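The values are calculated or read from the model by the stated rules, or taken from the named source; none is laboratory data. All values reported here derive from a predicted model rather than from experimental measurement. Note that each Cβ is placed from the backbone with ideal geometry, even for glycine, and that neighbours are counted across all protein chains shown.
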Amino acid sequence: MKDGAALLDWESLTDRQKVNLSYWIYQHNLENRLLDELSNQVLQDPGGFARWMDDHRERVLKLNKAWVEGHRNWEPSTSDCLLTYLRELIRNADAGQPQPNKDLLKAAGGCRKDYDLLELERHTVDQGWTGSNKPGSEGTSPYFINLPARLYVDERLGELGPERQGFVAMWFDESMDDAYKCGIKLAIQDTGYKPRLIKEKEYLGGVVDEIMAEIRKSRFVVADFTSSTKAGARGGVYFEAGFAYGLDIPVFLTCRKGCKEGVHFDIGHLNRLEWETPEDLRKQLKNSIEAILGRGPRSARWSTHRQPAA
């Protein structure tokens, strides 16, 4: 398997593509709370980072070709960049760090150049959201956060949260990893929604309660009924799909071709997407979500910058 650097092929990417990938990698790390757990002490300790990676391997983003190709031209909206930039400032301040990390701020803000970062800094100061060590000087990184910034972030996340999530119910087997990561997950992201797979989330209490809570705040559910003869029908998938139906939440049914005989007769009459490859699943599911629900609140524009010819 190629390592992350080889998959990124960094030198062949445009500046915009590099920024896009940095932004989405940052988003993954933020949502999985990896940034808070990777301390300077870990980085400075010989072998510390390797041990940290091993301890967090379930949450660390595993780059593959499909992920890179699916994100390099996906340009986040300006409003999302501003929101994520503020979240990084707040995260840094709450962690007690005296100065934000410039590279993290650029990744969070979708910045290509230092000037782009400076524009974000000026805007937050003009809005009364942040202050700096030298209020009269341009280019000084903000180091404290005012209450309006926290209120803005809370309001924006509150507005976007319930309408931007697609819950995924599926068989948690290693054979389905590519179907999720290169198919379902990318299809949901392509249409402007955030995928939610329960095994990727940390929580307290019972898993059933957590699943029901996540379904309640989702715009739709994707239920994949793929299984094997040995494993049998996935009862949890049926339960989660039925729970969503009871709440009048749209449910997109999918199943790998060749596995339909294992689908229970109760749902045999319902429209179902039958797929052969993760790429096929991604395309079919994306088209179905867009046709029925339209594009979601996380819809980001596709950059006109394309991979340069080899």
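Below are the figures for this structure:
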{"item": "Filter result (within 14 Å of LEU105 (Cα to Cα) and either in contact with a Leu (Cβ under 9 Å, 6 or more places away or on another chain) or surrounded by fewer than 19 Cβ atoms within 10 Å (Cβ to Cβ) (or both)) within region 25-37", "result": "ILE25, TYR26, ASN29, LEU30, LEU35"}
{"item": "Qualifying residue in region 96-117 (condition: within 26 Å of LYS181 (Cα to Cα) and in a loop (DSSP other than H, G, I, E, B))", "result": "yes"}
{"item": "Scan of region 147-164 for residues that are surrounded by 13 or more Cβ atoms within 10 Å (Cβ to Cβ) and modelled with pLDDT of 90 or more, ordered by number", "result": "PRO148, ALA149, ARG150, TYR152, VAL153"}
{"item": "Selection count, region 163-222, where residues are of a type in the set (Asp, Glu), under 22 Å from LYS286 (Cα atoms) and out of contact with any strand residue (DSSP E or B) (no Cβ under 6 Å at 6 or more places or on another chain)", "result": "5"}
{"item": "Residue, modelled with the lowest pLDDT, within region 232-247, restricted to residues that are exposed (fewer than 15 other Cβ atoms within 10 Å of the Cβ) and outside any helix (DSSP H, G or I)", "result": "GLY232"}
{"item": "ASP126 vs. criteria loosely packed, with under 13 Cβ neighbours inside 10 Å, over 28 Å from the mean Cα position of the chain (by Cα) and at pLDDT 85 or above", "result": "yes"}
{"item": "Top-ranked residue of region 1-21 - restricted to ones that are modelled with pLDDT of 60 or more and among the acidic types (Asp, Glu), ranked as farthest from LEU35 (Cα to Cα)", "result": "GLU11"}
{"item": "Restricting region 22-37 to residues that are touching a strand residue (DSSP E or B) at 6+ places or on another chain (Cβ under 9 Å) and not charged (D, E, K, R), the residue that is modelled with the highest pLDDT", "result": "TYR23"}
{"item": "Subset of region 85-95 (residues that are assigned to a helix (DSSP H, G or I) and aliphatic (A, V, I, L, M))", "result": "LEU86, LEU89, ILE90, ALA93"}
